Structure formats: structure tokens, C-alpha cells
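For reference, the structure discussed in these notes is given below.
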Amino acid sequence: KMKRPAKEGEEAPTILEGTLSEKIRMDESTWSLEGGVLLLTLEKVVKTWWKTILEGDDEIDTDMVDSTRHISSYEEQTQGMIRKCLFDQRQERMGLPSSDELLGKKPSIPTLPVGVEYIDKKTLDDADDDDASKEDQGGGNEKEEGS
């Protein structure tokens, strides 16, 4: 859990650590930190459903994933999202711009699961100020007790 960015001279906090459960194409996978959100794009060597991303994490039963449904069996909004993903993947393979780039849009940050929140700069700064305030209060108490 990252509360705040590292200050000069501090070691940067670990955001994600572990061993991937399957192989990826490292030269075609990317990561970025946008608005306090870590975005990973992993290009799989074998295009299958993974039971888990990191070894030791909770697993899903991949036999329960219905990957045989035809796109027309989904509602219109889901069909649109699937078609957009397929188009963007094809464009990426050909070295062409994504649909968002063609439309001049900045890609939206996906909805996060329950219990996970976006952290913006103000939230990070506030957490940093709270930590500093607690350290100052703790430090002040020690000086008073030592006097």
C-alpha cells in the first residue's frame, strides 16, 4: 500500500511485488502510474485465462469462464467494449493508433473493485501531512517526558 511518493533520499515504496503465474512478452508489456493508479498491460505468451496473476494470490476457477459465448449474446454496451478492445489490439499489433488516440480522447481509468480507491495528489499530500503531524506530536511528547 503506497501512502505517499518517496521523498528525495528515501527508498521508493514497493507498489506490487511477486512472481507472475504465467509467461509474458516483456518487450511488449508496459506499466504506467497515472493519477495514483498503477496500470499494467501484460502481453501473454499463451493467450489463455490465468487462474491468478501473481503466484500465491487467490485463484479463480477458469473452467467457470465462458469464453465460447458469441459477442451478440452480450448487451449492447458490453458488445461495444469488446469490439473496442479487439480493434485496439489489432491496431496495436499493426503499430497504428488506438481508438482513443484516433478520437483524440484520453483513455478513462477503469472502475476499481470495492475497497480500492483512486489516490490523487491531494490525498497523498494530506496523508503525508497527517503522518508528519503524528511524528511531530510523538516527538514532542518524548521531549517533554525526557525533561
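Observations on the structure shown:
- Exceedance of the 26 Å cut-off in Cα-Cα distance is limited, within the set LYS7/LYS106; LYS7/LYS134; LYS7/LYS122; LYS84/LYS106, to LYS7/LYS106.
- Accessible heavy-atom area order of ILE60, ILE119, highest first, probe of 1.4 Å: ILE60, ILE119
- Options SER29, SER72, ILE60, ranked by Cα towards positive dipole end of segment 18-128, top entry (Cβ charges): SER72
- Reachable aspartates and glutamates, given that their alpha-carbon falls under 17 Å from the alpha-carbon of LYS47 and they are not under 8 places away in the same chain: GLU22, ASP27, GLU28, ASP61, ASP63, ASP66, ASP88, GLU92
- Each residue, ASP128 and SER67, gets one label point 7 Å from its Cα in the Cβ direction; the gap between the two is 4.3 nm.
- Hydrodynamic estimate: the Kirkwood radius of segment 3-82 over Cα pairs, inserted into Stokes-Einstein at 37 °C and 0.692 mPa s, corresponds to D of 204 µm²/s.
The values are calculated or read from the model by the stated rules, or taken from the named source; none is laboratory data. Quick caveat, the model's predicted, so the values are computed rather than measured. Backbone-built Cβ (ideal geometry, glycine too); neighbour counts: all protein chains shown. Each accessible area value is taken on the protein alone, full model and side chains, heavy atoms only, with ligands, DNA and RNA left out. Shrake-Rupley method; radii C 1.70, N 1.55, O 1.52, S 1.80 Å.
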